[in-house]
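The structure's right below; bear with me while I get my questions together.
Each reported figure results from applying straightforward, stated rules to the coordinates on display, with no laboratory input. Keep in mind that what you see is a predicted model, and the values were worked out from it rather than measured. Cβ: placed from backbone, ideal geometry, glycine included. Neighbour counts: every protein chain shown.
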Amino acid sequence: KAGVTQTPRYLIKTRGQQVTLSCSPISGHRSVSWYQQTPGQGLQFLFEYFSETQRNKGNFPGRFSGRQFSNSRSEMNVSTLELGDSALYLCASSLAGTSAYEQYFGPGTRLTVT
Amino acid sequence: GNSVTQMEGPVTLSEEAFLTINCTYTATGYPSLFWYVQYPGEGLQLLLKATKADDKGSNKGFEATYRKETTSFHLEKGSVQVSDSAVYFCALIPLTNTGNQFYFGTGTSLTVIP
């Protein structure tokens with residue numbers, strides 16, 4: 001069974017631009033969560049989607065948004081990029097929407113903002 | 001609130017040494033507890049988990065016991081190998097959480113030297 005895939009793996013953008021990252025969950029998984037990983041802040045929860053609905057949201061500004069499609073694939077968008085948005089963005093999928101189910105992480109998208 | 005505190009790294013050990021990485025948590029109710037491992041350039045992989053007090057999670061020689069009285073979930077391994085070199089994250093999901101929002105510790109980098 002294929003794992004969680006994220007595209008692109010690496011991305012370089014300029015301040016002020018916007019970016020879209022994609023996550024394809026494991027087949028059959030309906031929950032997709034997004035995390036930002038930085039050396040200073042560690043792993044921080046961005047948001048979670050379940051059956052195309054945002055169920056939880058972390059403490060990030062409105063520049064960070066996401067969506068989930070009917071096939072459970074998810075995208076996250078960051079508008080008006082800032083230098084501090086440089087990070088590894090990880091997505092995780094799980095079979096259903098409760099903590100009883102194991103989450104599987106993708107390899108991440110490394111975003112560099114210059 | 002919910003939070004995870006784990007021991008600061010980096011940790012450097014010789015092969016076959018005993019490993020302990022401390023993790024304590026604060027949570028509402030009784031959370032599920034996890035250890036994840038991240039190898040260079042990769043996403044997070046679930047190492048082990050425990051969902052209720054006194055449960056012991058184990059995998060690949062690693063163990064951790066859910067201690068409600070001390071709110072701890074310390075990771076141990078009796079004999080580390082070079083291949084165990086990675087960053088280890090302690091995490092929780094609160095029982096009251098309606099979804100899959102993990103709270104992660106800051107991570108502990110482990111280097112095992114031959």
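Among A:69, B:89, B:62, rank each residue by its count of other Cβ atoms within 10 Å, from fewest to most, as a rough exposure measure. Spell out each step's value before the answer.
On the way: A:69 12, B:89 26, B:62 20.
If I rank by nearby Cβ atoms, fewest first, I get A:69, B:62, B:89.
Label point 7 Å out from residue A:38 along Cα-to-Cβ: which residues of the stretch A:44-78 have amide N under 15 Å?
Label zone hits: A:44-46, A:59-64, A:78.
Also, I was wondering about something else. Measuring from label point to label point, each 7 Å out along Cα→Cβ, what is the residue A:15 to residue B:54 span in nm?
5.8 nm
Modelled label-to-label distance, residue B:71 and residue B:3, 7 Å Cα→beta-carbon offset: nm?
0.9 nm
What do you get for GluC sites (Glu not before Pro) in the stretch B:23-114 restricted to DSSP loop and a cutoff of at most 10 other Cβ within 10 Å of the site's Cβ?
Of the GluC sites (Glu not before Pro), the ones in loops of the stretch B:23-114 whose Cβ has at most 10 other Cβ atoms within 10 Å are B:69.
While we're looking at this one, here's another question. Can you give the Rg/Rh ratio of chain B, where Rg is from the C-alpha atoms and Rh is the Kirkwood radius? The partial results should precede the final answer.
Details: Rg = 13.6 Å, Rh = 14.1 Å.
Across chain B, the Cα-based Rg/Rh ratio is 0.96.
A further question follows. Over chain A, what is the relative contact order in whole percent, taking alpha-carbon pairs under 8 Å and six or more residues apart? Kindly include the intermediate steps, with their values, before the conclusion.
Working: 295 pairs, mean separation 41.2, N = 114.
It comes to 36 percent, rounded to a whole number.
Which loop trypsin sites (Lys or Arg not before Pro) in the stretch A:18-107, with loop taken from DSSP, have no more than 13 other Cβ atoms within 10 angstrom of their Cβ?
A:63
OK, next. Count neighbours as other Cβ atoms within 10 Å of each site's Cβ, and list the trypsin sites (Lys or Arg not before Pro) in the stretch B:1-76 that are DSSP loop with at most 14 such neighbours.
Working: sites: B:49, B:52, B:56, B:60, B:67, B:68; in loops: B:52, B:60, B:68.
Counting only loop positions with at most 14 other Cβ atoms within 10 Å, the trypsin sites (Lys or Arg not before Pro) in the stretch B:1-76 are B:52, B:60, B:68.
Let me check I've understood the local charge: for residue B:34, count other residues with C-beta under 14 angstrom from its C-beta, Lys and Arg +1, Asp and Glu -1. What total comes out? Spell out each step's value before the answer.
Values: positive: B:49, B:52, B:56; negative: A:102, B:55, B:63.
Summing Lys and Arg as +1 and Asp and Glu as -1 gives 0.
Based on Cβ point charges of +1 for Lys and Arg and -1 for Asp and Glu, what charge dipole magnitude is obtained for chain A about its Cα centre, in debye rounded to the nearest 20?
Using Cβ point charges on Lys, Arg, Asp and Glu, chain A gives about 160 debye.
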